[in-house]
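Okay, so here's the structure we're looking at.
Taken together, the values in this text are just the output of simple stated rules run on the coordinates, not laboratory data. Everything numeric in this text was worked out from a predicted model, so none of it was measured. No Cβ is skipped: glycine too gets one built from the backbone with ideal geometry, and neighbour counts run over all protein chains shown.
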Amino acid sequence: MNDNQSAPNESMNIVVVGHVDHGKSTVIGRLLADTGSLPRGRLDQVREKCRRNSKPFEYAFLLDALKDEQEQGITIDSARCFFRTKTRRYTIIDTPGHVEFVKSMVTGASRAEAALLVIDAYEGVQENSKRHAFLLSMLGIKQICILINKMDLIGYRKDLYEDIVKRYTEFLNRINLTPQYFIPISATEGVNITYISEKSVWYKGPTVLEALEMFKADILPEHKPLRMPVQGVYKFTGGGDTRRIIAGTIESGRISTGDKVIFYPSGKKSTIKSIEAFNSENKSIVTAGFATGFTLEEQIYIKRGEIASLANEAAPQVTTKIRANIFWLGREAMQRERPYSMKVGTARVGVTLESIVKVMDTSEIKYIPKDRIDKYDVAECILKTNREFAFDTIQDIVQTGRFVIVDNYEISGGGIILEALNDRQVKIRRNVISRNRKWEMSFIFGEIKKLLQRKTILFKPI
Amino acid sequence: MEALENKSIHILREAYSEFRNLCMLWSIGKDSTAMLWLTRKAFFGHVPFPLVHIDTHFKIPEMIAYRDRLALEWDLDMIYGENREALESEGTFPAGNATRLECCKYLKTDALKNILNGSWPRYRLNHKTGKYEMDSNTDAYTGVIVGIRADEEGSRSKERYFSPRDVNSGWEIGEQPPEFWNQFKTDFAPGTHVRIHPLLDWTELDIWKYIKRESIPVVSLYFDRGNGRRYRSLGCAPCTNPVESTASSIDDIIEELESGKFSNIAERSGRAQDIEDGGGLEDLRRGGYM
């Protein structure tokens, strides 16, 4: 090999979604096979297995590794596979299109930066074609390419293709999604996957592979205010270590030694003394995306769950009431007056559903009147927590504007925070705190004044 | 590489904060050794939970020597366990009394299950004497960190970062919990446990590049030592075949994987039990295998 370029540094996660049987796994299988990304012998191995079981060969079998999946011809859980181009390294996440496995689709999609949404040209737009698009927008995936698959079944007809594109675009507009491309393909015949085929001469756009290459990698929010949810405070004494390290991953912004930090919701302040690391040179600045840790000048009592921010930047919101969008996956509906637990950043707070603003049925994408949130519903609602917590709205900082709801040991829903509601209780408590502080200050100053007025000052040993 | 490292460290720290009875499986292979190194990075030079090795007693002797050397050097809380009954009654594949898959089940899956839940003895390294002693702690581990990678074989590509196991260590693939963004399943019912997989997104090549970048010591079986053979994947001696290769350094291995003779041959092609399970580890893994 004369091109001694080392492997590309950039990597990207792509999720493939769409309705059951619309050909997601086949698209990926084809992509891997046609880019020469399969281990030697893998294709033959699968062909041989199909021959022995008297089954027609399918590219999907390359991915659908689980025995149940091959028997039923469906994908049960999201699988991952890898391939490389000159520009970057891709992790392709295959997801199940079956309604029962929306949980896995969500898991796959929330790890991705961009998505391919597959629609069967013959069957047209189905329930999960809509639901998955809606979930992608809620999960925060903005780069989407729509593949109209099985064009061979409709004879590569341009008019039928354009009709699907038109109707689906109308739907996407309603949920504020703008796809980058629509591509007519046939995954089984390999049409327009890695090369443009003459079978669809009328199509002038990119191939699937070209579309992937045009997606842009996520940029970490380095220039937003600092948010570092505290994962733990470590004091390991082994080997005479005396450091007390605040550890966490920087979700946005950056830290430097000497920075004044404020932790929320407690409001405690200190200054970064050193940035710590093992087997790496000493750093004086660390940016978003890094799992890091630092020591403080003044020792304050900090716990997991607080968010570190900088004194000279915008502070996170702190309250006990929020307006949020929730996508519910729980077996049991989410109901009012039932205690749940909410995980946001590294914090965990008790939460109840105070009221529902509106509920959307994600199969129909329409609002329906309801007093509970059923499985697969998306609801806009008001949540009340049992204590103050720190966060941002999704518009301000995405990473700290997301949460999950835990019901009976299980993650049962995911959500995004739309608005911090200033509930009266918090205001009252805040006023009391600040009044107390002022009172304390005047009391202390008063005492000092009195002391200073005396001739001799006696310090009592404590 | 930086992104992979950060994600793994984040996962390790989440595990440490959320599970009281936490342990890490260390198979002595390159993956779990890289994971052990990531742990030292996550905790600033420390390893704040025990390492558990399931000893089948068919491991290549050099692996055990290497294990004990690093355990002493890095001050690791080292524990091993075994299926004594199967070994004593010779109900194993090398003794001719079990198939490869049955042998894997007895010596690895069953041993793992019973060591984790505390019903079989655990042996803990005494750093003063350098010897292993019966461990008095028999509490079940509720969080178990395992160094599997999604690109190794089909069923592993379906894993979660935090993956629940039922009372019998069983894995329900269709019923896996969702993972939203950076939020993982850290709540679990009594009697069940959670497997934690910090290396899921790494490939074999990533691991070697990381070993090189960090100068992590790996067992010398991975290198050709003059006979034109080396191990690409380490397991029990009777079921793991070396590959024909003259790679004698980490750079050679990286070259071999990137553009050389192994760039398109599956890593576990030298592991006989996979072939017996129809080309994967699914049946073993549903039953609790790592």
Total formal charge among the other residues, if their Cβ is under 9 angstrom from that of B:N137, Lys/Arg +1 and Asp/Glu -1
0
Calculate the spin-label point distance for B:T192 paired with B:A237, positioning each point 7 Å from the Cα along the beta-carbon direction, and give it in nanometres.
4.1 nm
Which whole-number percent is the relative contact order of chain B (Cα, under 8 Å, 6+ apart)?
21 percent
Working out 0.36 nm times the residue gap between A:F171 and A:T35, then minus their Cα-Cα distance, what length gain in nm do you get to one decimal?
45.7 nm
What does the charge add up to near B:S169, with Lys and Arg as +1, Asp and Glu as -1, over the other residues with Cβ less than 11 Å from its Cβ?
+3
Can you pull the one-decimal nm distance between simple spin-label points at B:N227 and A:R51, each 7 Å off the Cα toward Cβ?
3.6 nm
Taking amide H positions as placed in the peptide plane 1.01 Å from N, state which residues far from A:T320 in sequence (5 or more) or on other chains have amide H under 5 Å from it.
A:D423
Classify region A:112-204: rounded, prolate or oblate, from the alpha-carbon gyration tensor (a ≥ b ≥ c, eigenvalue square roots; a/c under 1.5 rounded; otherwise prolate if a/b is larger than b/c)?
prolate
Starting from the Cα-Cα distance between B:D75 and B:S249, subtract it from 0.36 nm times their residue separation and give me the gain in nm to one decimal.
59.9 nm
With a ≥ b ≥ c taken as the square roots of the eigenvalues of the C-alpha gyration tensor of region B:2-202, please select rounded if a/c is under 1.5 and otherwise prolate if a/b is larger than b/c or oblate if it is not?
oblate
3J(HN,Hα) from dihedral phi, region A:360-374, Karplus parametrisation 6.51/-1.76/1.60, rounded to Hz, x for glycine, proline:
10, 7, 7, 7, 9, 6, 9, 7, 9, x, 7, 10, 8, 10, 8
Inter-label distance, nm, simple model (7 Å from Cα along the C-beta direction), A:R331/B:H57
4.2 nm
Apply the Karplus curve 6.51 cos²θ - 1.76 cosθ + 1.60, θ = phi - 60°, to the phi angles in region A:296-309 and return the couplings in whole Hz, x for Gly and Pro.
10, 5, 9, 7, 10, 8, 10, 10, 3, x, 6, 10, 7, 9
So for the protein assembly as shown, using the alpha carbon gyration tensor with a ≥ b ≥ c as root eigenvalues (a/c under 1.5 gives rounded; past that, a/b versus b/c decides prolate or oblate), I'd call it oblate
Excluding A:T91 itself, calculate the net charge of residues whose Cβ lies under 11 Å from the Cβ of A:T91, where each Lys or Arg counts +1 and each Asp or Glu counts -1.
+1
How large is ³J(HN,Hα) for each residue in region B:165-172, as worked out from phi by the Karplus curve 6.51 cos²θ - 1.76 cosθ + 1.60 (θ = phi - 60°), to whole Hz, x for Gly and Pro?
10, 6, 4, 9, 6, x, 10, 9
Förster radius 25 Å - calculated FRET efficiency between A:T85 and A:E198 (Cβ-Cβ, nearest 0.05)
0.55
